[in-house]
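Heads up, the thing below is written out as structure tokens.
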Amino acid sequence: MHRLTALKGSRLAVCSAAGSLLLYRQVYADSARLRSDSDRWEDTTKLTLGAVVSLRMATPCSFDTFHAGNGRATGFVVDMERGLILTNRHVVGAGPIEGEAIFQNNEVVPVTPVYSDPVHDFGILSFDPSLVKYHKLSQLELCPDAAEIGTEIRVIGSDAGEKISVNTGILADLEREAPRYGMNTYNDFNTFYFKAASSTTGGSSGSPVIDVNGSVVALNAGGKVGTAAGFYLPLNSVERAIRLIQQDKPVSRGTLQTVWHHVPFEELRRLGLAEQMEQQIRAQNGSETGMLAVSEVVPGGPADGVLQPGDVLLEILGQSVTRFDRIEEWLDSNVGSSINIRVCRAGQEMELELTVDDLHRISPSEFLSFGGAVVNPLSYQQARNRSLQVGAPYVAHSGFLLRQAAVPDGSIITAINYKRTPDLATLREVLEQFDPNADLVITYMHPSNRHTERTTSTPKGARMWFEDAVYRRKLGARAWMGQSWHAEPLQFNPGEPDAVEEEPAQPKACLLYTSDAADEEDSVDLGGRRIIKKKKKKEKRKKEKKYRESKKRKKKYKK
């Protein structure tokens with residue numbers, strides 16, 4: 001009996017030892033796997049750093065939703081032979097911009113904009129690879145389909161303005177609504193966003209979001225202040241744009257000037273979607289959670305008066321469409337053509353025909369500068385923000401002239417001297433009819449009070465301090481092309497009587513400038529005219545006067 005007990009005890013000891021061995025092996029395997037993943041992340045991060053650049057961008061003047069100023073951001077090389085850098089649209093901007101890319105060895109090269117998407121938050125810059133002498137160029141590969149919930153990621157970029165930072169996170173949501181940054185600024189829409197708690201801050205815009213294999217699964221775009229949430233743009237549209245640019249083809253972008261929202265099935269039933277249609281959609285894609293419905297229709301667009309908020313999209317050209325990327329594919333491939341769509345409106349299915357508009361056509365690519373003001377056509381972004389028609393003269397910066405007349409930034413100029421100005425071309429025609437010294441009666445409307453028009457007038461001669469010019473964008477060039485409205489700019493000194501006759505003056509290119517310098521009364525060259533530093537001289541005279549008066553008082557006191 002004792003022998004049996006001893007035998008049982010030995011068996012228990014053996015079993016216990018075997019269990020400990022298995023547990024040790026499992027712990028060792030997990031530890032080895034963790035070390036392996038850590039080593040892989042270390043190797044991946046080192047390889048990625050070679051393609052990541054820090055961007056220094058300078059915006060010389062306000063335009064559309066962007067203001068003049070300087071900023072830091074991130075980008076990464078996606079084509080080292082062509083010198084293509086991917087970053088955010090809010091970094092590239094929609095207007096004039098200058099920039100530099102700084103590689104990890106501190107080599108600096110100039111960058112120029114190649115493409116800025118009209119809607120989604122991505123833009124492409126180019127640099128000359130031959131200017132990079134010592135840094136070994138590398139590029140990152142885009143893998144839009146590699147993003148999955150639970151994927152461990154790294155966000156590598158100039159977070160918080162540092163030269164380089166590495167933030168970690170795990171993808172938690174692949175169908176987040178596009179973040180909204182404000183009423184009077186750029187906002188992305190008609191797309192999903194990814195989300196992770198990566199704690200990214202300013203300066204990390206345009207950073208690659210990579211997985212352990214070094215594949216770029218998303219583009220860092222923004223975050224939520226006061227939280228660790230980071231928002232990333234999916235790469236479907238980005239990959240298509242880069243491919244077309246590499247093939248030297250235009251990046252076509254279509255629109256119905258309509259904002260779509262992805263709505264859950266539960267809410268779709270309240271909008272009138274039939275249960276049979278829901279079952280059909282779920283049968284086609286078991287993971288589908290909703291469909292697209294109209295949220296906003298921009299006035300004056302192709303869908304104005306045809307689509308209505310609450311319409312549920314069923315089909316485009318006979319094909320079921322429930323995702324943003326699918327509707328974008330149809331629109332981008334049918335710019336200028338008519339398409340048939342089927343929608344459900346309050347339980348009734350309807351067949352509609354719409355013409356696809358060109359997104360690039362309704363994105364401003366020129367502006368007028370007069371009296372220090374910057375006026376561009378109202379963009380699709382601002383039209384959508386304010387529910388206004390695209391193309392109206394939009395005051396991006398009031399400058400010297402319009403500020404004197406108390407016309408605020410963001411206003412819409414509706415008339416000059418009681419002549420209506422529905423677009424930028426008409427505004428220029430009206431302004432050309434009046435001498436620069438003439439008074440102007442300006443009628444304007446501010447989107448915050450869109451049903452009220454206000455009338456004001458400019459001081460006499462306020463416009464003469466600045467060159468009247470028109471600027472047009474030329475993608476790939478260092479600056480926008482500017483041309484004066486006048487063959488001969490005004491001169492304070494007409495010249496000597498015996499001066500030889502000069503050839504007729506030709507329309508000449510103008511330097512790009514803002515009126516901030518004029519407001520501060522600094523010395524700035526403005527097409528042959530110069531603003532003297534009056535303010536500093538006045539301050540100096542005041543100080544000298546005070547000093548003399550104080551000396552007189554002291555002498556009088558002594559007497």
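The values are calculated or read from the model by the stated rules, or taken from the named source; none is laboratory data. The shown structure was predicted, so the numbers you read here are calculated from the model rather than taken from an experiment. Here Cβ is always computed from backbone atoms with ideal geometry, including for glycine, and neighbour counts include all displayed protein chains. Each accessible area value is taken on the protein alone, full model and side chains, heavy atoms only, with ligands, DNA and RNA left out. Shrake-Rupley method; radii C 1.70, N 1.55, O 1.52, S 1.80 Å.
Annotations for the structure displayed:
- Single residue of the stretch 282-296 satisfying the filter (open to solvent by less than 40 Å² (accessible area, probe 1.4 Å) and more than 15 Å from Arg345 (Cα to Cα)) that is modelled with the lowest pLDDT: Glu288
- Among the residues listed as Arg345, Arg282, Arg269, Arg361, the single one being farther than 17 Å from Asn190 by Cβ, touching a residue at least 40 places away in the same chain (Cβ under 8 Å) and charged (D, E, K, R): Arg345
- Pairs where the first residue, in the stretch 399-416, is farther than 22 Å from Lys460 by Cβ and free of Cβ contacts under 8 Å to residues at least 40 places away in the same chain and the second is open to solvent by 10 Å² or more (accessible area, probe 1.4 Å) and part of a loop (DSSP other than H, G, I, E, B), C-beta under 6 Å, 6+ apart: Ile412/Ala392
- Pick from the stretch 327-360, criterion out of contact with any strand residue (DSSP E or B) (no Cβ under 8 Å at 6 or more places or on another chain) and open to solvent by 60 Å² or more (accessible area, probe 1.4 Å), ranking: farthest from Tyr380 (Cα to Cα): Gln348
- Boolean, Arg323 is open to solvent by 10 Å² or more (accessible area, probe 1.4 Å) and touching a strand residue (DSSP E or B) at 6+ places or on another chain (Cβ under 6 Å): no
- Annotation: Val225 fulfils all but one of (1) open to solvent by less than 30 Å² (accessible area, probe 1.4 Å); (2) β-branched (Val, Ile, Thr); (3) out of contact with any strand residue (DSSP E or B) (no Cβ under 7 Å at 6 or more places or on another chain); the unmet one is (1).
- Matching entry among Arg82, Arg72 (being more than 24 Å from Tyr186 (Cβ to Cβ) and either of a type in the set (S, T, N, Q) or surrounded by fewer than 24 Cβ atoms within 10 Å (Cβ to Cβ) (or both)): Arg82
- Residue match in the stretch 234-254 (condition: of a type in the set (Val, Ile, Thr), in a loop (DSSP other than H, G, I, E, B) and open to solvent by 30 Å² or more (accessible area, probe 1.4 Å)): no
- The combined condition, being within 27 Å of Ser379 (Cα to Cα), at pLDDT 95 or above and not β-branched (Val, Ile, Thr), is fulfilled by Gln308.
- Cβ separations smaller than 8 Å between residues 6+ apart or across chains give the following pairs from the stretch 200-221 residues that are without any contact (Cβ under 8 Å) to a residue 60 or more places away in the chain and polar (S, T, N, Q) to residues that are buried (at least 20 other Cβ atoms within 10 Å of the Cβ) and in a strand (DSSP E or B): Thr200/Val155; Thr200/Gly157; Thr200/Asn167; Thr200/Asn220; Thr200/Gly223; Thr200/Gly230; Thr201/Gly223.
- Unmet criterion (only one of (1) under 23 Å from the mean Cα position of the chain (by Cα); (2) open to solvent by 20 Å² or more (accessible area, probe 1.4 Å)) for Val374: (2)
- Subset of the stretch 88-130 (residues that are within 16 Å of Ser158 (Cβ to Cβ), of a type outside the set (Val, Ile, Thr), open to solvent by 40 Å² or more (accessible area, probe 1.4 Å) and not in a loop (DSSP other than H, G, I, E, B)): His90, Glu100
- Every residue from the stretch 49-68 that is buried (at least 22 other Cβ atoms within 10 Å of the Cβ) and either assigned to a helix (DSSP H, G or I) or modelled with pLDDT under 90 (or both): Thr65
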